[in-house]
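Some notes on the structure that comes next.
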Amino acid sequence: MPPVRSARNRKPPPDGFDDIEDTLLEFANKMKDAENASHEGKKRHEVLWPIFQISHQRSRYIYDLYYDKEAISKLLYEWLIKNGYADGILIAKWKKQGYEKLCCLRCIQTKETNFNATCICRVPQAQLKEDQTIECAEFS
């Protein structure tokens with residue numbers, strides 16, 4: 001869930017929020033559990049990966065509701081992005097051809113890699129060997 005803001009500046013959620021509120025609360029509870037999980041003896045990326053997964057799932061849920069199922073209004077969709085329930089930048093990438101299954105924005109940032117290349121999960125299937133498995137290099 002996004003941080004709590006003052007009540008006087010916050011607009012009430014648009015119609016339809018009540019229908020998805022329970023699912024968003026489940027994601028918030030999963031996120032709290034992932035943030036409070038023990039990180040003794042784990043590497044930094046091992047601790048962060050569950051948080052990225054939950055954030056990705058929540059954003060994908062909202063994306064699917066708006067673009068695939070057309071179950072929520074544009075007003076509600078924009079309100080969810082504005083209030084931090086979904087990652088608007090990641091969703092913008094999902095709308096582009098070739099980025100439909102992007103797991104996170106770090107996979108396409110070339111400046112953080114050794115050879116200024118994208119993550120292995122961005123390499124097309126046809127260019128990989130048959131026995132080569134695809135795991136996100138950022139979090140594996």
Between rounded, prolate and oblate, where does the stretch 44-85 land on the alpha carbon gyration tensor, with a ≥ b ≥ c its root eigenvalues, rounded for a/c under 1.5, else prolate if a/b exceeds b/c? oblate
What do you get when you divide the Cα radius of gyration of the stretch 6-51 by 2.2 N^0.38 Å, with N the number of residues? 1.66
For the stretch 1-104, what ratio Rg/Rh do Cα atoms give with a Kirkwood hydrodynamic radius? 1.00
Percent accessible area from carbon and sulfur atoms, the stretch 11-75, protein chains only, probe 1.4 Å: 48 percent
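The values are calculated or read from the model by the stated rules, or taken from the named source; none is laboratory data. Since this is a predicted model, take the numbers as computed values, not measurements. We work out accessible area using only protein heavy atoms, side chains counted, and drop any ligands, DNA or RNA first. Shrake-Rupley method; radii C 1.70, N 1.55, O 1.52, S 1.80 Å.
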